[in-house]
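Please read the structure below before turning to the comments.
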Ligand SMILES: NC(=O)c1ccc[n+]([C@@H]2O[C@H](COP(=O)([O-])OP(=O)(O)OC[C@H]3O[C@@H](n4cnc5c(N)ncnc54)[C@H](O)[C@@H]3O)[C@@H](O)[C@H]2O)c1
């Protein structure tokens, strides 16, 4: 316990169950002294186990669909009342693609589903920041983080239209980051995380194989949800106040690796055997 976030108030989107990255972020930020509001959709609140986490973190739960501006206004205004002050940090840990979920091949994508993917997984980030901005809800020097994946920048099989959603999410972080920085010194960044075995992660066909490949291609190995939470604590702390509009890799070195020896060995064995 270092009290890195003592006296800070944060909203955390996207904790569904104890495998969710957001779940770990809630635990780690609470352990560092933060006060929390936890939020998810009404359906996720019914199906998941957010109340258990809320009890553990002494947090308030407020339901909100992150694609709905009215829900977001209610969430932000209720949070301001609950904290009795402004919000220091926000985590956007939200993703879903009906195309990926229904295993529709990328070439034959359903465009209505694609719009839904964009709304849930990318435009919701704009909506969250729009509502925070217009309610003047963020404290000076605050920090906003969204989670992304490297398929937003490079081609990967199996990730479907989530690739386009992640590219848009990362762009929104830069565009809103410029405006939030000038307005009140608020940082906006995305964290590009290793494949992680969560409910969203396992919705991707072939996730196990992608997970093993990324692990072999990362000199430090895949980063876990708990590792990710540690990193995000630093981004919410006062030690990163000049870091903004960045896509920050948290992937054990995967993004900077061309090839590793164990991957090469495995490939050669496969080719020869
Ligand atoms: N798991 C991975 O391999 C991985 C890797 C890199 C990035 N990410 C990203 O991390 C984030 C969190 O995913 P996770 O892996 O912890 O999975 P998860 O399934 O635990 O979390 C996804 C969350 O999004 C929420 N959500 C869906 N629609 C919503 C809406 N309309 N409004 C509000 N919330 C909504 C779900 O209820 C759920 O809590 C996502 O952005 C995901 O793309 C995941």
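We did not get these values from a lab; they are worked out from the coordinates using the rules stated. The structure displayed is predicted, hence computed values, not measured ones. Because the Cβ atoms are built from the backbone with ideal geometry, glycine has one as well, and the counts that use them run over all protein chains shown.
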Two-decimal Rg to Rh for the chain - Kirkwood Rh, Cα set: 0.97
Helical contribution to [θ] at 222 nm, DSSP H n ≥ 4, -39,500 (n - 2.57), averaged over the chain, rounded to 500: -13500 deg cm²/dmol
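Using 1/(1 + (r/R0)^6) with R0 = 25 angstrom and r between the beta carbons of residue 52 and residue 199, what's the FRET efficiency to the nearest 0.05? Can you show the working numbers first?
Working: r = 16 Å, r/R0 = 0.63.
In this case the efficiency is close to 0.95.
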Most mobile listed residue (80, 38, 72) in the chain, GNM with C-alpha springs under 10 Å: 80
For segment 254-272 versus segment 50-73, the gap between their alpha-carbon centres in whole angstrom: 43 Å
Cα gyration tensor shape for segment 1-153, rounded if a/c is under 1.5, else prolate or oblate: prolate
The chain, relative contact order [Cα under 8 Å, separation at least 6], %: 19 percent
Relative packing of 93-100, 264-271, which averages over residues the other C-beta atoms within 10 Å, highest first: 93-100, 264-271
Anisotropy class of segment 107-256 from Cα gyration tensor, a/c 1.5 cut: oblate
Helix 21-31 vs. the chain, principal-axis angle (Cα, 0 to 90°, nearest 10): 50 degrees
Extension gain (nm, one decimal) between residue 240 and residue 269, 0.36 nm per residue minus Cα-Cα: 6.0 nm
Most mobile of 135, 222, 262 in a GNM of the chain (Cα contacts under 10 Å): 262
Most mobile of 248, 235, 169 in a GNM of the chain (Cα contacts under 10 Å): 248
Degrees between helix 69-83 axis and first principal axis of the chain (Cα, 0 to 90, nearest 10): 60 degrees
In degrees, nearest ten, helix 207-216 long axis to first principal axis of the chain (Cα): 80 degrees
Segment 1-142: relative contact order as a whole-number percent, Cα under 8 Å and 6+ apart: 25 percent
